Amino acid sequence: TQANIGVVGLAVMGSNLARNLASREGNTVAIYNRSPQKTRDLVDEHPEAGFVASESIEDFAASLSKPRTALIMVKAGAGTDAVIDQLVAVFEPGDIIVDGGNALFTDTIRREKAIRETGINFVGAGISGGEEGALLGPSIMPGGSAESWETLGPILRSIAAVAEGEPCVTHVGTDGAGHFVKMIHNGIEYADMQLIAEAYDLIRRGTGKSPAEIAEVFAAWNKGELESYLIEITAEVLRQVDAKTGRPLVDVIVDEAGAKGTGAWTVQTALDLGIPVSGIAEAVFARSLSSKPAQRKAASDLPGPSESWQVTDADAFIEDVRLALYASKIIAYSQGFDEIVAGAEEYDWDIKKGAIAKIWRGGCIIRAQFLNRITEAYDADPRLVALVTAPYFRDAVTKAQAAWRRVVTAAAQAGIPSPAFSSSLAYYDGLRADRLPAALVQGQRDFFGAHTYKRIDGPGAFHTLWSGDRSEIEAVDTH
Ligand code: NDP
């Protein structure tokens, strides 16, 4: 039998995607893994899938109908390069290699360029949703050429999550665009999680409610504008009781957050592009701070507020936190989309922002109703320069801003860290400010480095003779 699609790499993600593919009408799925035992186990455990299994890369290539299409799901980095080399050796011009792993988008750009010379198509596809998404329907963000999308589109549409009747997959743009957008998705996910964690912490410390009681707060929030997978699972985690100690599970989990690096990539890339993704950055740094036990121990006796803190009206405070969370979340998404816009410009991708928000509605970790509002905002104004200024979001922050300020103030006074809440508010105030102290920074730069400044009353660049008579001269353009 010839297969129309193959999967290389049969660890948890690859085997689940292979089973997902096999379960869809019209697909016959070829499988291959470096260690043959994984291949044999998958065939034995899932006879219903009708896999065409191979134990050599040559047999795998021969088992595919043309144009051959192979999805790589191996350990990102050297593993991906090794498998690509093997496939390039046995594939022909017109065939398609898809990397569905968590590759850094610049690696994808490099690989696409090198493979294009062989006539083989290379597609970097961001796949979100973890193990369960892979099996039941992920959100898929493919890059690559329009030509490969013609073959790949129907296959990916068949396995993707479905949100409101639409498959959560779209051709994001050429070469590394798909992995770039997947990276931003993960960055936003970090911010969303950190904001929820701060909301929980503030409610717990301000009202004295138990995790189980706070779970009910989140469950109620999940029925309103905050409705999302992350809010839903937060309630589940807070409800969980540890079988061994009888305590809330959240109280026996070590408070050091791990990370696999995609959040850091989002921030590193944003720094290169000059885009202030401060909410995402604070979320990444909050995980780093949590994971520094020696520093935390050394600092644990530093002074904080002397009075213990208890809000007077718990319900009013919880509503304030809800509004602050929603406003900060809007900022995180606004910043993430700013980075998409800047990346698209830098790398020459035609990315449809509204379509991206749509394919995040199902399958992935940040899935939420709220994403429809983003699609609507970009549909109404494709040239929107800051998401937070779109009418719907403008209304939301207008409604929230007083509460947002009360929450950030209370947190600061009570000595409770709220890095994502407070940096989002600072970003908001920075963006809407009439005048920023950046003018003073320009003055300082001109003083010590003759970096020049512009004037508010006309064109040109100017320099003050700081070490001379302090008169102003017009700077000569040396470019
Ligand atoms: P792993 O990342 O643990 O990778 C294991 C697989 O890679 C095995 O099949 C292994 O083969 C293969 N492999 C590793 N090195 C090589 C090599 N040099 N040559 C050939 N094969 C190699 O598997 P996962 O299923 O967890 O993840 C697969 C990909 O999906 C990764 O890129 C990961 O980042 C991404 N991922 C995405 C998630 C998401 O939600 N989108 C969630 C989890 C992962 P062998 O059996 O022979 O060792």
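The values are calculated or read from the model by the stated rules, or taken from the named source; none is laboratory data. The model shown is predicted, which means the values in this text are computed figures rather than measured ones. For neighbour counting, all protein chains shown are included, and Cβ atoms are generated from backbone atoms with ideal geometry for every residue, glycine included. These area figures cover heavy atoms from the full protein model, side chains too; ligands, DNA and RNA do not enter into them. Shrake-Rupley method; radii C 1.70, N 1.55, O 1.52, S 1.80 Å.
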So for the range 422-432 (the condition being free of Cβ contacts under 8 Å to residues at least 60 places away in the same chain, under 21 Å from Ala199 (Cβ atoms), open to solvent by 30 Å² or more (accessible area, probe 1.4 Å) and within 21 Å of the chain's Cα centre (by Cα)), does at least one residue qualify? yes
Where the second residue is open to solvent by less than 20 Å² (accessible area, probe 1.4 Å) and of a type in the set (Gly, Ala, Ser) and the first is farther than 14 Å from Arg367 by Cα and lies in the range 217-234, which pairs have Cβ atoms under 7 Å and are six or more apart or on separate chains? Phe218/Ala235; Ala219/Ala235
Just checking, which of Asp95, Asp175 is away from the ligand (no atom under 16 Å from the Cβ), surrounded by 19 or more Cβ atoms within 10 Å (Cβ to Cβ) and more than 23 Å from Val341 (Cβ to Cβ)? Asp95
If the requirement is being more than 16 Å from the chain's Cα centre (by Cα), open to solvent by less than 20 Å² (accessible area, probe 1.4 Å) and either at pLDDT 95 or above or among the aliphatic types (A, V, I, L, M) (or both), which of these qualifies: Ala283, Ala235, Ala257, Ala212? Ala235
Cross-chain or 6+ apart pairs with Cβ under 9 Å, the range 72-85 first and on the phi > 0 side of the Ramachandran plot, then part of a loop (DSSP other than H, G, I, E, B): Gly77/Gly101; Gly77/Ala103; Gly77/Leu104
Please work out which residue is surrounded by the most Cβ atoms within 10 Å (Cβ to Cβ), limiting yourself to the range 343-371 and to residues that are free of Cβ contacts under 8 Å to residues at least 40 places away in the same chain and within 24 Å of Gly130 (Cα to Cα). Ala357
Filter the range 157-172 down to residues that are under 24 Å from Gly94 (Cα atoms) and touching a Phe, Trp or Tyr at 6+ places or on another chain (Cβ under 9 Å) and give me whichever is surrounded by the fewest Cβ atoms within 10 Å (Cβ to Cβ). His171
Go through (1) under 24 Å from Ala332 (Cα atoms); (2) within 14 Å of the ligand (Cβ to nearest atom); (3) surrounded by fewer than 18 Cβ atoms within 10 Å (Cβ to Cβ) for Glu131 and report which single condition fails. (1)
